[in-house]
Structure formats: structure tokens, C-alpha cells
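For reference, the structure is listed below as C-alpha cells.
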Amino acid sequence: MSRESRLLEKERGQVNFNVEELTNIYDGGAEETKLRRKVADVIQNDPEVRCKDIGMMTREERYIDGVRRCVYLYKVLLPREGWTPVSKEVSHILRFCMSFGVHAGVFIPCLLSFGSDEQIAKWLPLAMQFQIIGTYAQTEMGHGTFLRGLQTTATYDKKNKEFVINCPEISAMKWWPGDLGKSANHALLMAQLVIDGKKYGMHPFMVQIRDLTTHMPLPGITVGDIGNKVGFETTDNGFLHLNQVRIPRENLLCKNAEVKPNGTYLTKASDKMVYGSMVRLRAIILESEAVSALGKACTIAVRYSLVRCQGELEPGKPEVSVMEYMTQQKKLLPYVAMTYVTHFACLKLSNQYNAFTREMDNNDISGLPELHALSAGMKAVVSEQCSDGIEILRKSCGGHGYSNASGIPIIWSSAVACCTYEGENTVMLLQCARLVHGMASYNAWNQSSVELVNVVKAHITQFIVTTFASGITELECTKPVKNVLQQLCALYALSCINASTGDFLKVGYLSPRQCDLAHEAELELLSCIRPNAVGLVDAFDFSDDLLQSCLGAYDGNVYERLFAWAKKSPLNKTEV
Ligand SMILES: CCCCC/C=C/C(=O)SCCNC(=O)CCNC(=O)[C@H](O)C(C)(C)COP(=O)(O)OP(=O)(O)OC[C@H]1O[C@@H](n2cnc3c(N)ncnc32)[C@H](O)[C@@H]1OP(=O)(O)O
Ligand SMILES: Cc1cc2nc3c(=O)[nH]c(=O)nc-3n(C[C@H](O)[C@H](O)[C@H](O)COP(=O)(O)OP(=O)(O)OC[C@H]3O[C@@H](n4cnc5c(N)ncnc54)[C@H](O)[C@@H]3O)c2cc1C
């Protein structure tokens with residue numbers, strides 16, 4: 001056993017709570033843990049679909065590998081295991097999938113949100129079986145945030161009972177939609193509806209963009225990949241230009257609004273329902289795209305920091321693990337706390353969303369404004385805190401943190417995108433501010449928007465802390481687990497307060513002495529939590545396969561893994 005493995009084993013021997021009990025709590029119960037692990041075993045034992053190291057792959061290889069794994073998953077693995085796309089297992093499977101995130105996670109749910117019963121009956125089975133592959137095409141090259149500024153039009157042609165979809169200029173071209181560039185043959189396309197010259201705002205249309213046999217773009221369609229990005233390299237985010245493309249009247253997804261054959265426009269629900277898809281995604285993507293990513297980065301950085309020996313705490317004494325340095329504990333442990341605290345706050349948000357969908361089934365959408373405010377605020381605060389944290393955790397691993405061998409750069413590049421898609425964070429914070437604090441006059445408003453952004457961040461952080469604190473109080477668990485969760489709650493709250501002492505001092509909420517006490521309390525908590533560090537990240541239960549990290553493997557064998565990984569570099573195929 002290597003020295004590093006022995007160090008981790010010794011660390012695990014001093015954890016003072018039951019790790020499995022905490023894993024069960026994090027998962028939502030022992031049965032959930034069992035289900036998640038069963039899915040992980042199925043995935044990891046199938047060479048066709050198990051996670052692999054994509055660090056050395058080209059962009060094209062990553063895209064092809066992701067598509068191949070996903071199609072195998074849905075066409076072979078699910079039927080073999082007797083699972084369907086809506087089985088509980090699939091939510092755990094999507095943790096492993098790197099492709100068709102928009103087809104499965106946006107296109108299908110939006111079809112269910114916007115489609116009539118007949119339209120769902122027509123397209124849902126095809127989408128579930130990958131006979132049609134869809135994207136969600138809303139953002140344009142010239143507009144993403146300002147939905148009312150979207151330029152693509154859908155003009156009703158009464159004579160032929162068709163809509164003519166058109167991008168009037170280059171800035172109207174759809175730009176960014178995931179799975180669009182090479183995979184999708186259909187688009188759930190958001191366009192400005194026009195009837196007899198009158199504009200009715202943004203509406204959802206089902207548009208076929210590629211031939212189902214040849215996969216070639218249909219007439220009037222120009223489509224392709226937008227090129228390399230910061231991350232999401234497995235995904236073919238694409239562009240889509242439509243030049244006078246005709247679709248049947250029946251392709252307006254008409255759960256909330258309809259155009260009769262004679263061109264009469266009929267609304268069936270609030271015009272705000274068109275925003276519903278964005279509320280849903282903001283409410284449910286945080287766990288999978290931001291918090292889970294932070295948990296992976298914490299697992300890697302904590303395990304590595306416990307085995308990375310560097311320098312002496314006392315001259316002449318043996319080298320210590322970098323985790324013994326208070327600065328390293330300050331870099332790492334508040335983000336371990338954040339993972340736990342935000343995980344449970346996101347759970348509360350998605351529960352609130354599910355409750356809203358039940359109310360909506362009874363035609364009650366009175367809860368939408370509050371849910372919009374909370375989901376917009378949470379999406380902005382959690383995605384920013386998590387992605388900022390992942391970068392700090394990457395840097396805490398020194399040089400090896402800068403290598404794809406660590407696994408953290410890929411984790412960060414995927415998580416940070418969450419600050420932009422589904423509503424750019426600043427805009428989301430201002431939406432929350434407007435709904436929580438009311439809309440002042442536009443000029444007073446713009447002048448105070450910088451402060452309002454900070455007020456909303458504090459408002460949401462308080463929601464996160466109070467949600468977790470009340471959750472712990474009600475939680476039935478052993479005393480050691482409750483104790484460590486209370487420490488994590490206090491650590492997250494104190495780290496947020498200590499990051500903003502200026503604000504508290506400015507308004508006289510805290511005295512300088514109290515600020516000192518808060519700082520000392522945080523340092524004391526770091527020392528209390530330090531002995532449990534490895535247990536806290538082990539409890540996230542990320543397999544080595546899922547982490548894809550030479551620094552964060554369960555056995556701590558960092559150096560053998562690093563060297564084996566480097567030798568796979570294509571540059572090493574020749575000595576000269
Ligand atoms: C696995 C990873 C997959 C990643 C997939 C990514 C997909 C995408 O990124 S899809 C594209 C996402 N794009 C956006 O989120 C666009 C963001 N912009 C907006 O949501 C809106 O433009 C806005 C909210 C920033 C502004 O809305 P707008 O209508 O232009 O103007 P107002 O602010 O005056 O709002 C009018 C009215 O509507 C209410 N409202 C706005 N949004 C929502 C909502 N989501 N839910 C409910 N209600 C909403 C707003 O409160 C106003 O109401 P009143 O005050 O009553 O008039
Ligand atoms: C990885 C990824 C995947 C995506 N997938 C999809 C997809 O599948 N489908 C899809 O339709 N779109 C998708 N998008 C697009 C995404 O939804 C938009 O990029 C996002 O909504 C932001 O809009 P924008 O790019 O126009 O930014 P802008 O709105 O142009 O933002 C630029 C700057 O302007 C500021 N700003 C803009 N408006 C205001 C305002 N009112 N007040 C204050 N500041 C403002 C912003 O804060 C920001 O700092 C994806 C994007 C990414 C990065």
C-alpha cells in the first residue's frame with residue numbers, strides 16, 4: 001500500500017460519524033442510495049456506456065463518444081434492464097450521460113409543458129425512442145436575455161393554413177441551442193407570432209429541420225455547430241437559420257394558445273406560461289449541474305490535500321499534508337459545507353416547483369411570480385457560488401489542479417456555464433429583486449441595480465441557511481451526524497458573513513468586535529471539522545469512474561495514476 005493510501009486510511013479511521021448514514025441522508029433515504037448504487041454498478045460494468053477519461057480526446061471524438069453512449073443507453077441498456085425513460089433509475093443515469101442533455105432535459109419537458117394532448121401523443125413516443133431528436137431553440141445570435149426582442153417570426157398564412165418561419169437578418173439566427181449542431185432533426189422553436197401584421201409575442205413551434213432518413217438539412221434550413229467553447233465540448237451547441245420555412249398550423253404547440261384555421265388567435269392560459277419552461281429548468285438543474293459539480297471538486301481537492309505532503313509546520317519535523325495549513329482548510333472546508341447546505345436548499349426549491357405544477361393542473365398559477373423570483377435568485381446565487389468554489393478548489397491542488405488529469409477543469413467548465421444559460425445571472429438577480437422589492441421607476445431602478453443585486457444575494461443566502469438549519473432540526477439521525485451537519489451549517493453561514501463584513505459594519509448590524517468574533521468562530525469551526533473532512537466527502541459517494549480524477553480516487557494513489565495518465569498523451573506515442 002502506498003504512503004498516500006495509508007494516509008487516507010488513517011484519516012478515515014478518525015472520522016467520528018457514520019459515513020453511510022450521511023450518504024443516506026444526502027440521497028434522501030437508504031432506498032435512494034441503494035437505487036443510485038445499482039444504477040452506477042450497471043453503468044460501470046458495461047464497457048459500452050461506462051464513463052471514460054475524455055481528457056485526451058479531440059472535440060469530435062468527445063461528441064461521437066457521447067452520442068454513441070447515449071444512444072446505446074436508451075436503445076440497449078434501458079430495455080435490457082427493464083427500465084423506461086421515465087423510470088427513477090434514469091434520473092441517476094443522466095449523471096453519467098454527456099450528450100442529448102437538451103433533447104432529454106429540455107425538448108421533451110417543454111413538449112409536455114406546451115403541447116396539447118394530441119401533440120404530445122404524436123411527438124413524445126418518437127422523442128422517447130430517439131426517432132426524433134430535438135433541441136430547444138430560443139436564443140438568437142442577437143438576443144438571449146431580452147425575450148421580447150427575439151426576431152425570428154412565425155407569420156400565419158391563412159390561405160395555406162401554415163406558419164412561415166423566418167430569420168429576417170443574421171442576428172435573428174438561432175445560436176447556442178444544445179444538441180442542435182449535428183444531432184437534432186427537430187427544434188422546439190420560440191418565435192414571435194404574427195397574424196395579419198399584428199404581433200402576439202413569443203410562442204413555441206415544432207419545426208423539423210433535418211430529413212429523418214438522410215439527416216440532411218431541409219429546404220430553407222442552414223444548420224451547424226458553433227465551434228469550440230470553454231466547456232460542454234461533448235455537446236454540439238449549434239446555429240440555425242430559417243429562410244421562409246413553412247410548417248403546418250398544427251405545429252404551433254397549443255396548450256396555452258391556439259390559432260384557428262381562419263387566423264383567430266385564442267389564448268387558453270396566462271401569457272406567462274410561456275416562461276414556465278425556464279422556471280422549471282432553473283429549479284431543477286442546480287443540483288445536477290452546479291451542486292453535484294461542487295461536491296465532485298470537493299471530493300477531489302480534500303482527498304488530494306490529505307495525501308499531498310508539502311513543507312514543514314515545525315522546522316526539522318516531517319513534512320505535513322497541505323490540509324494541516326489553516327489557509328488550505330479555509331479554501332476547502334467552507335465549500336464542503338456549501339455543497340451540503342445548497343443541496344438541501346435546492347431540494348426545497350424543486351419541491352416547491354413540483355407543488356406548483358400540481359396547482360397548475362388545477363388551473364391555479366397564483367404561485368408563479370413567487371416561484372419565478374425564488375428560482376431566478378437561487379439559480380444565480382447557487383451557480384455563481386458553486387462555480388467560484390470549484391475554481392478555488394482547482395487552484396488549491398497546485399500544478400496538478402491545472403491538469404485535466406485532476407478532473408476539475410472539465411467539472412468547472414461545465415458548471416460555470418450554469419451562470420449564463422437559463423437566464424444570465426445578473427438578469428436573474430434583478431428579476432428576483434423586482435419581484436421581492438417591487439419595481440421602482442426605471443431610472444431610480446437602474447441607478448440602484450448594483451445594490452439590488454447584492455441585496456438579492458443576501459436574501460437568497462439567508463433562504464439557503466434557514467432552509468438547511470430548519471431541515472437539521474427536523475432531521476432524525478444519530479447525534480454525531482446531527483452535530484457535524486450543524487457545524488457545516490454554521491461554517492457556511494459564518495463564511496458568508498465574514499466575506500461581507502463591510503456590509504454588516506456599514507449598516508451597523510455588527511460591531512467590529514462582533515466581526516472579530518465571527519472570524520474567530522469560523523477558524524475554530526475549521527479545526528473542529530478538519531478531522532471529519534475525508535468522511536464528509538466520502539459521504540457524497542462519487543465513484544472513481546464518475547470523478548475521472550488522478551488526484552481524487554478513493555485509494556489516494558495519486559502519483560501512480562498521474563504518471564499512467566500522462567503516458568497516454570498522444571505526444572508520447574513517439575520518443576522523438
Ligand atoms: C444540461 C444543461 C442544459 C442547458 C440548456 C439551456 C437552455 C437555455 O439557456 S434556454 C434559453 C434561456 N433563456 C432565458 O432564460 C432568457 C432570460 N430572459 C427572461 O427570462 C426574460 O426576458 C426576463 C425575465 C429577463 C424579462 O422578461 P420580459 O417579458 O422581457 O419582461 P419583464 O421582466 O417585464 O417580464 C414580464 C412579466 O413576465 C413575468 N415573468 C418574466 N419571466 C417569468 C418567468 N420565468 N416565470 C413567470 N413570470 C415571468 C415578469 O415577472 C413580468 O410580470 P409582471 O410584473 O406581472 O408584468
Ligand atoms: C453552454 C450554453 C448552453 C446553452 N443552451 C441553450 C439552449 O439549449 N437553448 C437556448 O435557447 N439557449 C441556450 N443558451 C443561450 C443562453 O440561454 C443565453 O446565452 C443566456 O440566456 C444569456 O443571454 P445572452 O447570451 O444574450 O447574454 P446578454 O443578455 O447579451 O448578456 C450580456 C451582458 O449583458 C447583461 N444584461 C443583459 N440584459 C440586462 C438587463 N436587462 N439588465 C442588466 N444587465 C443586462 C448581462 O448581465 C451580461 O453581463 C446556452 C448558452 C450556453 C453558454
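The values are calculated or read from the model by the stated rules, or taken from the named source; none is laboratory data. All figures in this text were calculated on a predicted structure; none of them were measured in a lab. When we count neighbours, we look across all protein chains shown, and the Cβ atoms used for this are built from the backbone with ideal geometry, even at glycine. The area values use the complete protein model at the heavy-atom level, side chains included, leaving out ligands, DNA and RNA. Shrake-Rupley method; radii C 1.70, N 1.55, O 1.52, S 1.80 Å.
Only a single criterion out of (1) farther than 20 Å from Gly295 by Cβ; (2) open to solvent by less than 10 Å² (accessible area, probe 1.4 Å); (3) part of a helix (DSSP H, G or I) is not satisfied by Thr33, namely (1). Restricting Val307, Val336, Val302 to residues that are in contact with a Cys (Cβ under 8 Å, 6 or more places away or on another chain) and hydrophobic (A, V, I, L, M, F, W, C) narrows the list to Val336.
When the stretch 226-255 is filtered for residues that are in contact with an Asp or Glu (Cβ under 6 Å, 6 or more places away or on another chain) and within 16 Å of ligand 1 (Cβ to nearest atom), the ones remaining, listed by number, are Asp236, Gly238. For the stretch 82-92, the candidate set comprises residues that are in contact with a Phe, Trp or Tyr (Cβ under 8 Å, 6 or more places away or on another chain) and under 24 Å from Ile411 (Cα atoms); within that set, the residue that is nearest to ligand 2 (Cβ to nearest atom) is Val90.
Can you say whether Lys317 is open to solvent by 20 Å² or more (accessible area, probe 1.4 Å) and free of Cβ contacts under 8 Å to residues at least 12 places away in the same chain, as far as the supplied structure shows?
Values: open to solvent by 20 Å² or more (accessible area, probe 1.4 Å): yes; free of Cβ contacts under 8 Å to residues at least 12 places away in the same chain: yes.
Yes.
Taking (1) within 14 Å of ligand 1 (Cβ to nearest atom); (2) open to solvent by 10 Å² or more (accessible area, probe 1.4 Å) in turn, Ser403 satisfies each apart from (1).
Yes or no: the stretch 294-307 includes at least one residue that is in a helix (DSSP H, G or I), within 16 Å of ligand 2 (Cβ to nearest atom) and either open to solvent by 10 Å² or more (accessible area, probe 1.4 Å) or touching a strand residue (DSSP E or B) at 6+ places or on another chain (Cβ under 6 Å) (or both). No - not one qualifying residue is present in the stretch 294-307.
Regarding the stretch 97-109, can at least one residue be identified that is within 16 Å of ligand 2 (Cβ to nearest atom) and closer than 16 Å to Asn251 by Cα? Even if it seems obvious, please write down each step before you answer.
Just the residues of the stretch 97-109 that are within 16 Å of ligand 2 (Cβ to nearest atom), to begin with: 97-109.
Retained after the next criterion (residues that are closer than 16 Å to Asn251 by Cα): 107-108.
Yes, because at least one residue in the stretch 97-109 is within 16 Å of ligand 2 (Cβ to nearest atom) and closer than 16 Å to Asn251 by Cα.
Could you tell me whether the stretch 85-101 includes any residue that is assigned to a helix (DSSP H, G or I), hydrophobic (A, V, I, L, M, F, W, C) and buried (at least 16 other Cβ atoms within 10 Å of the Cβ)? Yes - at least one qualifying residue is present in the stretch 85-101. Only one of the numbered conditions (1) closer than 25 Å to Asp361 by Cα; (2) in contact with a His (Cβ under 7 Å, 6 or more places away or on another chain) is violated by Gly134, and that is (1).
Per-residue answers, yes or no, for (1) surrounded by fewer than 18 Cβ atoms within 10 Å (Cβ to Cβ); (2) away from ligand 1 (no atom under 11 Å from the Cβ); (3) free of Cβ contacts under 8 Å to residues at least 40 places away in the same chain:
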residue	(1), (2), (3)
Phe146	yes, no, yes
Lys174	no, no, no
Gly178	no, no, no
Gly181	no, yes, no
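Which of the following residues is at negative phi, in a helix (DSSP H, G or I) and of a type in the set (Ser, Thr, Tyr): Ser527, Ser549?
Working: Ser549 fails: in a helix (DSSP H, G or I).
Exactly one residue qualifies, and that residue is Ser527.
Do we find that Lys457 is buried (at least 18 other Cβ atoms within 10 Å of the Cβ), out of contact with any strand residue (DSSP E or B) (no Cβ under 6 Å at 6 or more places or on another chain) and part of a helix (DSSP H, G or I) in this structure? Answer is yes for this residue. Val86 fulfils the conditions (1) closer than 25 Å to Gly407 by Cβ; (2) within 24 Å of the chain's Cα centre (by Cα) except for a single criterion, (1). Restricting the stretch 103-129 to residues that are crowded, with 17+ Cβ neighbours inside 10 Å and of a type in the set (S, T, N, Q), the residue that is nearest to Met360 (Cα to Cα) is Ser113.
With respect to the conditions (1) open to solvent by less than 20 Å² (accessible area, probe 1.4 Å); (2) at pLDDT below 95; (3) of a type in the set (Val, Ile, Thr), Ile284 lacks only one, and its number is (1).
Going through (1) within 16 Å of ligand 2 (Cβ to nearest atom); (2) within 25 Å of Lys330 (Cβ to Cβ) one by one, Ser403 falls short only on (1).
The set of residues in the stretch 142-154 being more than 9 Å from ligand 2 (Cβ to nearest atom), assigned to a loop (DSSP other than H, G, I, E, B) and not polar (S, T, N, Q) consists of Leu150 alone. Whether a residue is surrounded by 15 or more Cβ atoms within 10 Å (Cβ to Cβ) and away from ligand 1 (no atom under 16 Å from the Cβ) was assessed, and Val49 passes this test.
Sort through Leu374, Leu332, Leu347 and tell me the only one that's in the same structural domain as Thr420 (by TED's automatic domain parsing), surrounded by fewer than 23 Cβ atoms within 10 Å (Cβ to Cβ), touching a helix residue (DSSP H, G or I) at 6+ places or on another chain (Cβ under 8 Å) and hydrophobic (A, V, I, L, M, F, W, C). Walk me through it before giving the result.
Values: Leu374 fails: surrounded by fewer than 23 Cβ atoms within 10 Å (Cβ to Cβ); Leu332 fails: surrounded by fewer than 23 Cβ atoms within 10 Å (Cβ to Cβ).
Result: Leu347 is the single residue among Leu374, Leu332, Leu347 that is in the same structural domain as Thr420 (by TED's automatic domain parsing), surrounded by fewer than 23 Cβ atoms within 10 Å (Cβ to Cβ), touching a helix residue (DSSP H, G or I) at 6+ places or on another chain (Cβ under 8 Å) and hydrophobic (A, V, I, L, M, F, W, C).
Taking residues in the stretch 397-422 that are over 22 Å from Met323 (Cα atoms), and partners anywhere that are open to solvent by 40 Å² or more (accessible area, probe 1.4 Å) and within 13 Å of ligand 1 (Cβ to nearest atom), the pairs with Cβ atoms closer than 8 Å and at least 6 places apart or on different chains are Ser413/Phe232; Ser414/Phe232; Ser414/Glu289; Ala415/Glu289; Ala417/Phe232; Ala417/Glu289; Cys418/Glu289; Tyr421/Trp176.
Confirm whether Tyr335 is at pLDDT 95 or above and part of a loop (DSSP other than H, G, I, E, B). In short, no. The residues in the stretch 53-69 that are surrounded by 15 or more Cβ atoms within 10 Å (Cβ to Cβ), farther than 20 Å from Gly227 by Cβ and at pLDDT 90 or above can be counted, and the count is 1.
Looking only at the stretch 552-567, which residues are part of a helix (DSSP H, G or I) and either open to solvent by 20 Å² or more (accessible area, probe 1.4 Å) or over 30 Å from Gly55 (Cβ atoms) (or both)? Before you say what the answer is, go through the steps one by one.
From the stretch 552-567, those part of a helix (DSSP H, G or I) are 558-566; that's our starting set.
Listed by number, the residues that qualify are Tyr559, Glu560, Arg561, Leu562, Phe563, Ala564, Trp565, Ala566.
Could we say that Trp445 is without any contact (Cβ under 8 Å) to a residue 60 or more places away in the chain, farther than 30 Å from Lys255 by Cα, in a helix (DSSP H, G or I) and within 16 Å of ligand 2 (Cβ to nearest atom) here? So Trp445 passes the test. Within the stretch 257-286, residues that are in a loop (DSSP other than H, G, I, E, B) reach partners that are aliphatic (A, V, I, L, M) and more than 16 Å from ligand 2 (Cβ to nearest atom) with beta carbons closer than 8 Å, at six or more positions or on different chains, in the pairs Lys260/Leu266; Gly263/Ile195; Lys268/Ala257; Ala269/Ala257; Ala269/Ile365; Ser270/Ile365; Ser270/Leu368.
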